[in-house]
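The values are calculated or read from the model by the stated rules, or taken from the named source; none is laboratory data. Being a predicted model, the structure only gives us computed values, none of them experimental. We place every Cβ from the backbone using ideal geometry, glycine too, and count neighbours over all the protein chains shown.
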Amino acid sequence: MQALLLSSESLEETKIVNASLKREEVLRKIASEEKTKYLKVMKELEEAKNKFSKESYERQMAELDVLKESIEKQRIVDKLLSNDRRYRKYSMDDIKIATKFFSEDLMIGEGGYGKVYRCNLDHTPVAVKVLHQDAINKKEEFLKEVFLVLGFFFPLNLFYIGVSFWWTCSYHILTK
């Protein structure tokens, strides 16, 4: 009887050990799967970091190229205006005073780039075209217009006498 009892207890303990071994095997498998998922996520994270770094570098290089191009264009405009006695540089204060701080009374027109004001500079009647502040993204087109204008005389005998570019305001000036 005691042998039967011991055999029964041994059988129960064997079942418990086998169940524990199965649970351990299942938990090891889950742990292995979780480790695989973790390693996959870490690899994706590293790839994302590398991609972000590359895109950031490319963006910085593009910004640098744009800055270089902008500086070169400004240098060309400055050189053009400084070497050509036909054109005079006017300060922003000169333009503000002449246009009475961009008075609506002196506005003679408005286009896609900005408003045109009539005023006098150096005792000469002129038209000053001012680029809208919210049209900064059109500055390239405005520059193209300026360079195009430099090469032509205008109908009504208008002559190009000046240009300036500021981050806050850009304009060019025409006179009869």
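Among the residues of segment 33-46, is there at least one that is at pLDDT below 95, of a type in the set (S, T, N, Q) and assigned to a helix (DSSP H, G or I)?
no
Before we move on, is residue 118 at pLDDT 85 or above, more than 18 Å from residue 142 (Cβ to Cβ) and in contact with a strand residue (DSSP E or B) (Cβ under 6 Å, 6 or more places away or on another chain)? So that I can check it myself, show each step before the final result.
Details: at pLDDT 85 or above: yes; more than 18 Å from residue 142 (Cβ to Cβ): yes; in contact with a strand residue (DSSP E or B) (Cβ under 6 Å, 6 or more places away or on another chain): yes.
Criteria met by residue 118.
Can you tell me which condition residue 96 does not meet? The list is (1) at pLDDT 80 or above; (2) touching a strand residue (DSSP E or B) at 6+ places or on another chain (Cβ under 7 Å); (3) in a helix (DSSP H, G or I), and all the others hold.
Result: residue 96 fails condition (2) only.
Report yes if residue 108 is modelled with pLDDT of 85 or more and either loosely packed, with under 10 Cβ neighbours inside 10 Å or β-branched (Val, Ile, Thr) (or both), otherwise no. Full working, then the answer.
Details: modelled with pLDDT of 85 or more: yes; either loosely packed, with under 10 Cβ neighbours inside 10 Å or β-branched (Val, Ile, Thr) (or both): yes.
For residue 108, the condition - modelled with pLDDT of 85 or more and either loosely packed, with under 10 Cβ neighbours inside 10 Å or β-branched (Val, Ile, Thr) (or both) - is met.
Checking the conditions here, which among 102, 153, 159 is modelled with pLDDT of 65 or more and not hydroxyl-bearing (Ser, Thr, Tyr)? Show your work before the answer.
Details: 153 fails: modelled with pLDDT of 65 or more; 159 fails: modelled with pLDDT of 65 or more.
Exactly one residue qualifies, and that residue is 102.
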